[in-house]
Every structure is written in structure tokens, then in C-alpha cells.
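Remarks on the structure that follows.
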Amino acid sequence: MTTASAAAAYWEQLWARGRRYRQLDPAEDRLLERHLGTGRDRPALDLGCGDGSLTRRLGQLGYRATGIDCSPSAIALATDQHDGPGREPAWMCMDITTDDLSTLPEPSYAVITCRLVYRWVGDKAAFLGRVRHLLAPGGTFWVVTEIAGRRSPNDPLQHLGITPAQTEILTAGWSTVRTADLDVLRCYALRP
């Protein structure tokens, strides 16, 4: 089994068993709106979209949104939930770390989002290279991730945060790096 198929199998079993993850809350939504602005029909790509809540929110903000996830069950859940105004997003089952990027509906994206996914990516430098390849000039890479050391030592989820070294890999080489903190999470707006 390749690393990519092992990752897909891992996430598929969780989604297929009904596992759900942290939803957008009003504070995170305000940060998203402030840093990304209105879409004006520009393309947006949500990496590791899960149930599609962030992808749909991008559509509500006026982006032509595409959500991708390596789990067929997550994509099926996302596809089944159209919940309001905005254009219905496109959904694709693919692994951003290994699959052919030319199969995406757009050659580049004004916004690429990565919410609660970066921590799980194995080769972070290669992943970021693929993101940079897809990000349009002047675009924004929006990352929401947990930061190490923010949970109490006895919290069973304490290990979920990214380390300072992983943070350095994430933020290196961008002309603009803006951050905002939300409890255990940090939001990054990264621009080339």
C-alpha cells in the first residue's frame, strides 16, 4: 500500500463510520471573511474539504468553490448537503499530495484553503510546492491549524498541534504572512 493510499484508507474509515470534525464558528468565519473578502466569482479550492462546510461558505462569499478530499465518504456527505445561498460547489475525490493536479477544474485559484489538514500532511515541503503551483498571482493560501502546546498536558488531543519547525516550513517563502489566534488554533493568510 502506498503512503497516499494508506492516508486515504485511514480517512475513509473515519468518515464512513460517521466521524465529524470541528465546524466553523462565528469567530473563525469573521476571520475568513476579513482575510479572503468577497469572491467576485473567482475560483477557490478547499483542500481536505471533509463534509464541505468551508467549501460551501466560500461559495456563499461569492467564490466558484471546489472541494477535494481523499475520502469518498466525505465527498458523498459534502455532495448531499446543499444548505443555502451561493453557488453549489464542485466536489472531487482526490489526494492533493499525489493526484494529477491537471484534473482540477481550474489551472489556478485566487484562494486555496486548508483547514485542519496541514498537520496531517507527511511531506509538508512538497505539499506547499503543489499549493504554490495552484495559487494564482496575488492569491491567498488560508490555513487553519492547531498549534503545539496550547492544550493542557493531560488533554488526550495535546499531540495534534504543529511544531515550531512545521510552522517554519509553512510560513517560509511567502511575501505576506498574517496570523490570527483562536483558542488552540492559528489561522494563516499567506500570500506569494
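Things worth noting here:
- Qualifying residues in segment 158-179 (those that are aliphatic (A, V, I, L, M) and open to solvent by 20 Å² or more (accessible area, probe 1.4 Å)) - the one nearest to VAL117 (Cα to Cα): LEU160
- Unmet requirement for PRO105, which otherwise passes all of (1) in contact (Cβ under 8 Å) with a residue 40 or more places away in the chain; (2) crowded, with 16+ Cβ neighbours inside 10 Å; (3) in contact with a strand residue (DSSP E or B) (Cβ under 6 Å, 6 or more places away or on another chain): (2)
- Among residues that are on the phi > 0 side of the Ramachandran plot, under 16 Å from the mean Cα position of the chain (by Cα) and aliphatic (A, V, I, L, M), LEU190 is not included.
- For segment 41-61, filtered to residues that are over 14 Å from the mean Cα position of the chain (by Cα) and closer than 19 Å to PRO26 by Cβ, the residue that is surrounded by the fewest Cβ atoms within 10 Å (Cβ to Cβ) is GLN60.
- Selection status of ARG151, among the basic types (Lys, Arg), in a strand (DSSP E or B) and either more than 21 Å from GLY50 (Cα to Cα) or open to solvent by 20 Å² or more (accessible area, probe 1.4 Å) (or both): no
- Every condition in (1) within 26 Å of ALA9 (Cβ to Cβ); (2) modelled with pLDDT of 95 or more; (3) outside any helix (DSSP H, G or I); (4) of a type outside the set (D, E, K, R) is met by THR140 except one, and the failing one is (1).
- Annotation: of all residues in segment 1-19 being part of a loop (DSSP other than H, G, I, E, B) and open to solvent by 70 Å² or more (accessible area, probe 1.4 Å), the one that is farthest from VAL131 (Cα to Cα) is ARG17.
- GLY48, sole failed condition from (1) in contact with a Leu (Cβ under 7 Å, 6 or more places away or on another chain); (2) in contact (Cβ under 8 Å) with a residue 60 or more places away in the chain: (1)
- Single residue of segment 20-59 satisfying the filter (in a loop (DSSP other than H, G, I, E, B) and among the polar types (S, T, N, Q)) that is farthest from ALA189 (Cα to Cα): GLN23
- Residue match in segment 116-123 (condition: among the hydrophobic types (A, V, I, L, M, F, W, C), out of contact with any Leu (no Cβ under 9 Å at 6 or more places or on another chain), closer than 18 Å to THR171 by Cα and not in a loop (DSSP other than H, G, I, E, B)): yes
- Of the listed requirements (1) within 15 Å of the chain's Cα centre (by Cα); (2) among the acidic types (Asp, Glu); (3) modelled with pLDDT under 95, ASP83 misses just one: (1).
- Any hit, segment 62-76, residues being over 19 Å from GLN13 (Cβ atoms), in contact with a Leu (Cβ under 8 Å, 6 or more places away or on another chain), of a type in the set (S, T, N, Q) and at pLDDT 95 or above: yes
The values are calculated or read from the model by the stated rules, or taken from the named source; none is laboratory data. Nothing here was measured: the structure is a model prediction, and the numbers come from that model. Neighbour counts are summed over all protein chains in view; Cβ atoms, including those assigned to glycine, are modelled from backbone coordinates with ideal geometry. Ligands, DNA and RNA are excluded from the accessible area calculation, which covers all protein heavy atoms including side chains. Shrake-Rupley method; radii C 1.70, N 1.55, O 1.52, S 1.80 Å.
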